[in-house]
Amino acid sequence: MTGLLRSLTPSQQVALMFVTLFGLLLLATVAVVLTSLRELPDTPEGDARRADRKAVQRALRSSWLMAGVFWVSWAAGDTVATVLFALVAFFALREFVTLSPTRRGDHRSLILAFFVVLPAQFWLTGTGHFNLFTVFIPVYVFLALAVVSALADDPQHFLERNAKLQWGIMVCVYGMSHVPALLLLEFPKWDSGKNAFLVFFLAATVQTGMLVEHFATRQLRRKSKLQLRTPGISSSFSWRAWAAGVIAGGVLGGLMAGLTPFKPGQALGMALIACAAGSLGHLVMKALKRDRGATPWGEGMESLTGATGLLARVDALCFAAPVFFHSVRWYFGL
């Protein structure tokens, strides 16, 4: 089997990966559909199972979305991939801003964010200007947005308004821009045509960690062993469930080392870093949602974004991608 894989071209190897991925998702979807046909009793146990079903369905929808985006990105080439992730960032930022009321004095800052900062950040990503794209938003945009807002002559809640927009840009634009940037990294003795495996590695490990954490929480709750760490922010976060998710994602990363330029130990370490950053970033986004009085991102927002809760599906990736990207660049000296 290994000899067969090595005989394939990089493009054929990536194509085989996507065929396998979509096949597994299809099998999982069929299994969930068949399971949903079973009647459940109107008891607390039945309600818990229905909640589990909905959670699995949401996870599957999220997985299909991410797999579809990654497949289109790879099939269409690096340029289209960058544009596609820019669109994802655009709609995610729109959801974020929609839940954060703005004033008339913010209109210029919003125009700057959506139509100048976002395209510029992804242009820097797509053209491989890594040294500039890593500091463009944290340094230059940080100052520019505040100046534009000050020139609007509206001092009311000035700090709060600017902080909200800065947060939205950092999470939705800066974080997401690091995903297509992985396609442009050049490793010694590694064909850059196989960089799609890096994106798959990141998404698979982070998603696995989130799923295992969710189901570990369910099991701990059923056994009355769930000790919430942040009950005011999350009704499900506990260190035991979090550790289970991170370890599961790390083990998966170690097993996927052959698909990456990493050795098994390196793959394990990078996966642990990505899973930890993604899950803790997801917790941070829960805190922001609580602050805005929203339970899930995008609840009832289909008419605004065309996708229900897009930010909820990519928030962990937005936090994990920059941490993973810079960890890889630093460790390998790229």
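The values are calculated or read from the model by the stated rules, or taken from the named source; none is laboratory data. Note that the structure is predicted; figures quoted are calculated from it, not measured. Note that we place each Cβ from the backbone using ideal geometry, even for glycine, and neighbour counts take in every protein chain shown. Surface accessibility is based on the protein's heavy atoms, side chains included, excluding ligands, DNA and RNA. Shrake-Rupley method; radii C 1.70, N 1.55, O 1.52, S 1.80 Å.
Just how large is the dipole of segment 58-187 about the Cα centre, in debye to the nearest 20, putting +1 at every Lys and Arg Cβ and -1 at every Asp and Glu Cβ?
Using only the charged Cβ atoms, the result is roughly 340 debye.
For segment 156-191, the set of trypsin sites (Lys or Arg not before Pro) satisfying both a DSSP loop assignment and a count of at most 10 other C-beta atoms within 10 Å is given as Lys189. Placing a label point 7 Å from the Cα of Leu132 along the Cα-to-Cβ line, the residues of segment 147-179 whose backbone N sits under 20 Å from it are 170, 173-179.
Within the accessible surface of segment 133-265, defined with a 1.4 Å probe on protein heavy atoms only, the carbon and sulfur portion equals 65 percent.
Among the listed pairs Lys54/Lys223; Lys54/Lys289; Lys263/Lys286, which are separated by more than 30 Å between their Cα atoms?
On the way: Lys54/Lys223 20 Å; Lys54/Lys289 20 Å; Lys263/Lys286 34 Å.
Beyond 30 Å between Cα atoms: Lys263/Lys286.
Shape of segment 104-153 from its Cα gyration tensor (a ≥ b ≥ c, root eigenvalues): rounded if a/c is under 1.5, otherwise prolate when a/b > b/c, or oblate? Judged from the Cα gyration tensor, segment 104-153 comes out oblate (a/c at least 1.5, b/c at or above a/b).
Surface exposure of segment 139-194, expressed per residue as accessible area with a 1.4 Å probe, stands at 50 Å². Distances between every pair of Cα atoms in segment 128-272, grouped in 5 Å steps from 0 to the bin holding the largest one, split as 2, 9, 12, 12, 13, 13, 13, 11, 8, 5, 2, 0 percent. Label sites at Val33 and Thr20, each approximated as a point 7 angstrom past Cα along Cα to Cβ, lie 2.5 nm apart. Restricting segment 129-236 to GluC sites (Glu not before Pro) that sit in a DSSP loop and have at most 12 other Cβ atoms within 10 Å of their own Cβ leaves Glu186.
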